[in-house]
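Asker: I am attaching a structure below and will ask some questions about it afterwards.
Read the figures in this text as sums done on the coordinates, not as results from a lab. If you're wondering where the values come from, they're calculated on a predicted model, not measured in any experiment. Cβ sites come from the backbone with ideal geometry, for glycine too, and all protein chains shown count toward neighbours.
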Amino acid sequence: MPDAPPLAPTPNKAREVIDTQLQVDVAAMTAHATITLAAGDAGASLEVGDLMIDSVTAAGVAVPFAIASKQMDLGLAASSEQVALDVAYHFKTHEQFDGDSMTGFTFLWPYFCGNLFPCHSAPSDGTTFALALDGVPAGKTAVFPASIPNEAPSYQIAWSIGAYTELPLGTTSAGTKVSVWYLPTEQTAAMAGTASMIESMGRPVIASPPR
């Protein structure tokens with residue numbers, strides 16, 4: 001029997017993102033995103049901002065895609081199981097707090113994740129994360145979470161690169177270790193700004209009384 005023809009890209013915003021793993025080269029401004037989609041009906045849609053998509057594959061097989069109005073629609077069959085996509089792409093810098101800044105930091109809140117990686121920006125469609133950075137300039141430190149193991153909105157993943165020094169602040173009453181990273185000449189301000197952080201983070205959350 002001949003192979004079935006590839007499926008046409010089909011919009012499907014309801015197919016949720018379960019996990020997002022990013023391998024980013026900050027010098028070359030290239031990345032690979034491994035995006036796990038939930039089981040669902042045919043097709044899928046991801047926000048891609050002004051990304052340049054080089055390829056999309058699933059299990060080594062090319063996935064048809066089409067991009068319009070900052071959305072990438074994918075040619076995927078309906079599935080009762082999760083589907084992992086590998087997306088290779090290039091990204092651009094953004095200086096309006098809407099992506100990756102040429103000064104070394106990212107800012108995605110609230111709806112700009114598509115300028116950095118294929119995503120769903122709606123906070124209700126949370127994803128777990130893994131992040132690795134290559135191409136960090138010599139003499140500089142990249143501050144970022146290697147993983148976010150619990151579902152989080154796509155705007156929560158971020159990095160900042162600079163001549164940072166880490167200042168451990170201590171451990172909260174819940175056992176969370178907290179640090180602040182500061183740039184040269186900013187140690188005094190960093191210490192002042194975080195003086196009560198450990199105490200504040202260790203306080204129990206008190207529900208507001210009913211009105």
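Asker: Of all residues in the stretch 177-187, count the ones that are in contact with a helix residue (DSSP H, G or I) (Cβ under 7 Å, 6 or more places away or on another chain) and either more than 17 Å from Val143 (Cα to Cα) or not hydrophobic (A, V, I, L, M, F, W, C) (or both). Before the answer, list the steps.
Answerer: In the first step, residues of the stretch 177-187 are kept if they are in contact with a helix residue (DSSP H, G or I) (Cβ under 7 Å, 6 or more places away or on another chain); the result is 178, 180, 182.
Imposing the further condition that a residue be either more than 17 Å from Val143 (Cα to Cα) or not hydrophobic (A, V, I, L, M, F, W, C) (or both) reduces the set to 182.
Residues meeting the conditions: 1.
Asker: Right, here's the next one. Grab the strands (runs of 3 or more DSSP E) fully contained in the stretch 38-98, keeping just those with 1 or more residues being charged (D, E, K, R) and more than 28 Å from Ala27 (Cα to Cα). Steps first, please.
Answerer: On the way: elements: 44-47, 52-58, 65-68, 71-74, 83-90.
Counting at least 1 such residues, we get 71-74.
Asker: Restricting attention to the stretch 150-173, and to residues there that are assigned to a strand (DSSP E or B) and hydroxyl-bearing (Ser, Thr, Tyr), which single residue is nearest to His120 (Cα to Cα)? Show your work before the answer.
Answerer: Kept after step one, since they are assigned to a strand (DSSP E or B), are these residues of the stretch 150-173: 150-152, 160-162, 165-171.
From what is left, the residues that are hydroxyl-bearing (Ser, Thr, Tyr) are 160, 165, 171.
Numbers: Ser160: 22, Thr165: 33, Thr171: 34 Å.
This residue is Ser160.
Asker: So which residues in the stretch 59-111 are of a type in the set (Val, Ile, Thr) and surrounded by 13 or more Cβ atoms within 10 Å (Cβ to Cβ)?
Answerer: Within the stretch 59-111, Val63, Ile67, Val83, Val87, Thr106 qualify.
Asker: I'd like the residue in the stretch 112-140 that is out of contact with any strand residue (DSSP E or B) (no Cβ under 6 Å at 6 or more places or on another chain) and without any contact (Cβ under 8 Å) to a residue 60 or more places away in the chain and, out of all such residues, is surrounded by the fewest Cβ atoms within 10 Å (Cβ to Cβ).
Answerer: So, considering only residues that are out of contact with any strand residue (DSSP E or B) (no Cβ under 6 Å at 6 or more places or on another chain) and without any contact (Cβ under 8 Å) to a residue 60 or more places away in the chain, the one surrounded by the fewest Cβ atoms within 10 Å (Cβ to Cβ) is Ala138.
Asker: What are the residues in the stretch 123-171 that are in contact with a helix residue (DSSP H, G or I) (Cβ under 6 Å, 6 or more places away or on another chain) and over 24 Å from Leu46 (Cα atoms), if any?
Answerer: Across the stretch 123-171, the qualifying residues are Leu169, Gly170.
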